Amino acid sequence: MTRIELTVNGDKRSDEVEPRLLLVHYLRETCGLRAANVGCDTTSCGACTVLLDGRSVKSCTVLAVQAAGQDVVTSEGLSADGELHPVQAAFRLNHGLQCGFCTPGMVMAAVGLLAENPHPTEEEVRAGLEGNLCRCTGYHNIIRAVLAAADTQAEVQA
Amino acid sequence: MPARRELARGDYLSILGTRVLRTEDPKFLTTGGVYTDDVVDDRLAGACHVFFVRSPLAHATVSGIDVSAALEAPGVIAAFTGADLADLPAIPPSAAGLINTEMTQRLLATDKVRYVGEPVAVVVTELAYQGEDALELVAVDYDPLPAALGFDPGDSSLLFEAAGTNVAGYWGDPASLRPDLFEGCETVVSHTIVNQRVAPAPMETRAAAAVWGADGRLTTWIPNQGAQGTRDDLVKLLSLEPGQVRVITPDVGGAFGAKFGADPEHAVVAWVARRVGRPARWSETRYENLIGMTHGRAQQHTVTIGGSRDGNIQAYRLEIVQDAGAYPKIGAVLPMLTILMTTGPYDIPSAEAIAKVVVTNTTPIGAYRGAGRPEATAAIERAIDLFAAEIGVDPADVRRKNLLPKFTEPHRTKFGALYDTGDYVAALDAALEAAGYAELRAEQAARRASGDVRQLGIGVSSYVEITGMGDGEGTPPSENATVEVFADGTATILTGTSPHGQGHATAWAMLASEELGIPVEKITLQWGDTDLIPEGGGTGGSRSLQQGGAAVQQASRELIEIARERAAAELEANPADLVYDTSRSAFAVAGDPEASVPLTKLAEGERLLVRTVFSQPGATFPFGTHVAVAEVDIETGKPTLTRMITVDDAGTILNPLLAEGQRHGGIGQGAAQAFLEEVVYDDDGNPLTTSFADYPIISATEVPSYELAEMQTPTSYNPLGAKGIGEAGSIGSTPAVQNAIVDAVAHLGVRHIDMPATSRRVWEALRAARQGSEHR
Ligand code: FES
Ligand code: FES
């Protein structure tokens, strides 16, 4: 067992963890944050995507111990005061989710993408989300949602 | 009565047909859905974890299973084999009678394994992470047998000795095929094409949680498409009484037909929970999902099409071989639907179809988005393009020439389907128009003339499909709904449908809101608990809105009539003199708006609730045309799908936002089959596509944004005018994309490329065409 200290959705935490515990299992089992899902065993689907110090990572490929000292944000922590984050709101407005299984990961990947590239083209959004699989939407509305979020963010900044 | 409703509505704007945002979204976007693996429930405290030992061989006899070493492993509390479940009945094949009844399955394989991934034993552990290591310690003695594979598995290696054959059965009589079917046709083209095996691959894999109460009842959480059908399956699989099983459906992360009913694993988890006397959970890995969950499609089609040189199709024959996989499940029944839809939207004077079902040493075939109908569409749409190429007529023109003319009275096909309404030519023309078909053909001609490396292909596919079928035994398709209004101004709907992404919570609330005037946000939908809703047909076959939604509307209207009686007593008025004003959810005396009583008041005493069943006269038949535009790099063979233009007429649309979402998803999945996805086995029956690294599941970079054109031809079979929309996208898009890729290289001598039309397949087809022309 190893003790790790980290921030999860703004809360400072200190937990004893098995060295082999994956971050996604730490979040789901230890923290009770079950928005991030596990959809594969080959780092292919992105359902587990969270932000680690502001960058989107697949939490099934990160050990909990590797997140020590860092800032983790999950889909649960993205919105504040019951208000949807602009990216979440854009997903709703554009019907960018159906069964919802890919959604928390997809939203976090989109947040990470827009942080790196605030004004992406459609092609850049598609390339940026290539590692996040969705079986329901055919991607159409997800892409629209991310492009719309980029626009509203631009408006907010302006 | 309708007049009164209109009067009451006044200038009130109908919510029906509007883009209402989903009420379910905020949860999914923040804390996320609560899928089976996420369920936290006191009843499941202290649950053990179930892991399945799966066959690593495609075909083998099992001479012994030794679990003793596994039992010694840390955290292992039990291990079971098929012998422990010997008193449970064998699972009969689907459509027993037509399908060989010897082809039965055990919950855990006993003497023989018949596909890689077949469960042979379970290991039960304290903690979730202890299972994987323990699985390795179960020693199974296998004596390998040759694998029977493909559409012609032969009988040299029998899956079921007692059956004496690997042919599970026939749909239709091969002897009935008429040798003279194509007599008088100027041109006859024949081709054998493969509608390959694909993986449904919902993002949420299969799972279960099960616990037995002191009362001897099972409560089990299972991701499924209909709790009631799942309950009925478990009752049969475990030889229980119907009242002994409660199925609860948590949020479901996609299903696409593959989560209908209970699988053997779900029954085994319930059995383990009883046997070890504590709750049990199971959650499969993606590896297990790709070999253990049913696959889809897996048909071979020999199409023969004949007609005149100017494009009149006179005769069509479809000979199907269905690979049902190792056990004849729903897959064995799919050809029945394929046959039913053989001629699609076309008026073909002579047509016949038969199917042979074979068993092979592969994962069993089940339903997958469209289930039997996409296969029919793929076959005829490819056949028409082959015919068009042969006679040198534009494939869109051949379609227009042969489509059934518009009809408003039901049309009976030669295969027994009763199409409700259709306007197929209009759909074709709308799609061609939206695509700019003439311009595309001009662009194609220019690229061909200039010898462009990136050639352009245009693929057209016209379809009609069957949605909302009954049980096939004459009972009209129906669904129940319960609507209850509460004194606090909220309402609850109970439905026998089972949403898993379709947005029923919003759509059903819209229907109730329209009648009751209660805002959508104050209406809660409940589903998927067999104690709360004992009856229901679930969600599949694109049935939900036309039956489940119509039931909600009907229940809401009946509720208003009950409330009217109460209001009349309250206001001491004649019920007929009362108007219901949805804008304030109140009854008022006609001509005296002051004398009114709100609906909420009428719910204060006796419960204000209606349960009703809506039945429709038959299935409905949505239709449309898809146009795909693809570019093919003729040096590498790489196809790129650049545009998808679709007309999908599903009758009157309740919520365009949701309907478009269904179309998008279907288009994506259908396109994926055309040029990307395939479940592949090697010659020994080993699956080679067991992860998302190997199974080329479609991603965002492989599809364009879709261009949807609108068309709504209402059905008269339900008051909503609605037909199904869940599967249409995947039915139309597959052949459109395949046809586009073939079309891109047609001028180079290519007539057909089997799906998935990958870079490699296209490249090989180009090479073969080049060599063919050199030989000539
Ligand atoms: S679970 Fe699939 S990428 Fe992490
Ligand atoms: S919404 Fe179902 S997987 Fe994306």
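The values are calculated or read from the model by the stated rules, or taken from the named source; none is laboratory data. Fair warning: this is a prediction, and the values are worked out from it, not measured in the lab. Note that we place each Cβ from the backbone using ideal geometry, even for glycine, and neighbour counts take in every protein chain shown. Just the protein is used for accessible areas: all its heavy atoms, side chains included, with ligands, DNA and RNA removed. Shrake-Rupley method; radii C 1.70, N 1.55, O 1.52, S 1.80 Å.
Report note on the peptides B:555-562, B:206-213: ranked by the mean count of other C-beta atoms within 10 Å, highest first, their order is B:206-213, B:555-562. Think of each Lys and Arg Cβ as +1 and each Asp and Glu Cβ as -1; about the Cα centre, that makes the dipole of chain B roughly 800 debye. The charge dipole of segment B:669-776, taken about its Cα centre with unit charges on the Cβ of Lys, Arg, Asp and Glu (plus for the first two, minus for the last two), comes to roughly 460 debye. Each label point was placed 7 Å from the Cα along the Cα-to-Cβ direction; for A:E130 and B:D452 their separation is 2.4 nm. Put simply, the amide H of A:L22, placed in the peptide plane, has neighbours under 5 Å in A:A64, leaving out anything fewer than 5 places away on its chain. Placing unit charges on the Cβ atoms of the charged side chains and taking the dipole of chain B about its Cα centre, the candidate lying farthest along the positive direction among B:G213, B:V67, B:W763 is B:W763.
Our note on the geometry: Cα centres of segment A:1-58 and segment A:94-153, 21 Å apart.
Please give the total accessible area that chains A and B bury against each other, computed with a 1.4 Å probe and expressed in Å² to the nearest 100.
Values: alone 8460 and 28800 Å², together 33210 Å².
It comes to approximately 4000 Å² buried between A and B.
For B:K112, the residues whose amide H sits under 5 Å from its own are B:V62, ignoring neighbours fewer than 5 places away on the same chain, with H placed 1.01 Å from N. Close amide H contacts of B:Y681 (hydrogens built in the peptide plane, cut-off under 5 Å, sequence separation of 5 or more or a different chain): B:L688.
Of all complete DSSP H helices in chain B, those with a Cα span along the helix axis of 30 Å or greater and a mean Kyte-Doolittle hydropathy of -0.5 or more are B:550-571. Taking the centroid of alpha carbons for each part, segment B:455-493 and segment B:746-776 are 41 Å apart. Inter-chain Cβ neighbour count for B:196-204, averaged per residue, equals 4 (cutoff 10 Å, partner chain atoms only). Using the Karplus relation 6.51 cos²θ - 1.76 cosθ + 1.60 with θ = phi - 60°, the per-residue 3J(HN,Hα) values for segment B:578-583 come to 9, 10, 9, 9, 5, 5 Hz, with x marking Gly and Pro.
Straight Cα distances below 13 angstrom link B:K638 to the aspartates and glutamates B:E702, B:E764, with same-chain residues fewer than 8 positions distant left out. If you sort B:S615, B:S157 by accessible surface, 1.4 Å probe, largest first, the order is B:S615, B:S157.
Across segment B:637-642, rounded Karplus estimates of 3J(HN,Hα) from the backbone phi angles (6.51 cos²θ - 1.76 cosθ + 1.60, θ = phi - 60°) give x, 5, x, 10, 7, 9 Hz, Gly and Pro being marked x. Charged side chains reduced to their Cβ positions (Lys and Arg at +1, Asp and Glu at -1) give the protein assembly as shown a dipole of some 780 debye around its Cα centre. How far, in nm, would the chain grow between B:R400 and B:E764 when pulled straight, counting 0.36 nm per residue and subtracting the alpha carbon separation? The B:R400-B:E764 span can extend by a further 127.8 nm.
Note down the net charge around B:I313, summing +1 for each Lys or Arg and -1 for each Asp or Glu among other residues with Cβ under 10 Å from its Cβ. Local charge sum for B:I313: +1.
For peptide A:36-49, how many partner chain Cβ atoms fall within 10 Å of a residue's Cβ, on average? Can you show the working numbers first?
On the way: counts 1, 8, 6, 10, 12, 10, 9, 3, 8, 6, 2, 4, 0, 0.
Averaged over the peptide's residues, the number is 6.
Per-residue mean of foreign Cβ neighbours for A:89-98 is 6 (Cβ atoms of other chains, 10 Å radius). Between B:A445 and B:K27, the modelled label-to-label distance comes to 5.8 nm, taking each label 7 Å out from Cα in the direction of the beta carbon. Per residue, the accessible area of the protein assembly as shown comes to 36 Å² when a 1.4 Å probe rolls over the protein heavy atoms.
Can you figure out the FRET efficiency of B:V393 with B:D155, using R₀ = 45 Å and their beta-carbon distance, to the nearest 0.05?
Numbers: r = 44 Å, r/R0 = 0.97.
Efficiency at R0 = 45 Å is approximately 0.55.
Spin-label model, A:E5/B:S691: points 7 Å from Cα along the beta carbon direction are separated by 3.7 nm.
Shown in residue order for segment B:707-714 are the 3J(HN,Hα) couplings computed by the Karplus curve 6.51 cos²θ - 1.76 cosθ + 1.60 at θ = phi - 60°: 10, 9, 9, 9, 7, 9, 10, x Hz (x for Gly and Pro). With a/c under 1.5 counting as rounded, go ahead and sort the protein assembly as shown into rounded, prolate or oblate using the C-alpha gyration tensor (a ≥ b ≥ c being the square roots of the eigenvalues; past the cut-off, prolate if a/b is larger than b/c, else oblate). Because its axes are fairly even, with a/c under 1.5, the protein assembly as shown counts as rounded.
Since only B:F160, B:G749, B:S14 are under comparison, the one whose Cα sits farthest along the positive direction of the charge dipole of the protein assembly as shown, derived from C-beta charges on Lys, Arg, Asp and Glu, is B:G749.
Which of B:K522/B:K601; B:K259/B:K723; B:K112/B:K259 have a Cα-Cα distance over 18 Å? If you can, show how the numbers build up before the last one.
Numbers: B:K522/B:K601 16 Å; B:K259/B:K723 22 Å; B:K112/B:K259 26 Å.
The answer is B:K259/B:K723; B:K112/B:K259.
Our note on the geometry: Cα centres of segment B:126-182 and segment B:255-308, 15 Å apart.
For chain B, with all protein chains present and a 1.4 Å probe, just round the carbon and sulfur fraction of the accessible area to a whole percent. Taking all protein chains in place, chain B shows 52 percent carbon and sulfur surface. Rolling a 1.4 angstrom probe over segment A:86-157 with all protein chains present gives an accessible area of which 52% lies on carbon and sulfur atoms.
Going from the isolated chain to the complete set of protein chains, segment B:659-693 loses at least 50 Å² of heavy-atom accessible area (1.4 Å probe) at B:H664, B:F692. Estimated at 0.36 nm per residue, the fully extended path between B:D133 and B:R751 surpasses their Cα-Cα distance by 217.3 nm.
Can you sort B:W171, B:W527 by 1.4 Å-probe accessible area, starting with the largest? Don't skip to the end; give the middle numbers.
Working: B:W171 30, B:W527 65 Å².
If we order B:W171, B:W527 from most to least accessible, we get B:W527, B:W171.
Projecting the Cα atoms of B:P704, B:P223, B:T125 onto the charge dipole of the protein assembly as shown, computed from C-beta unit charges around the Cα centre, puts B:P704 farthest toward the positive end.
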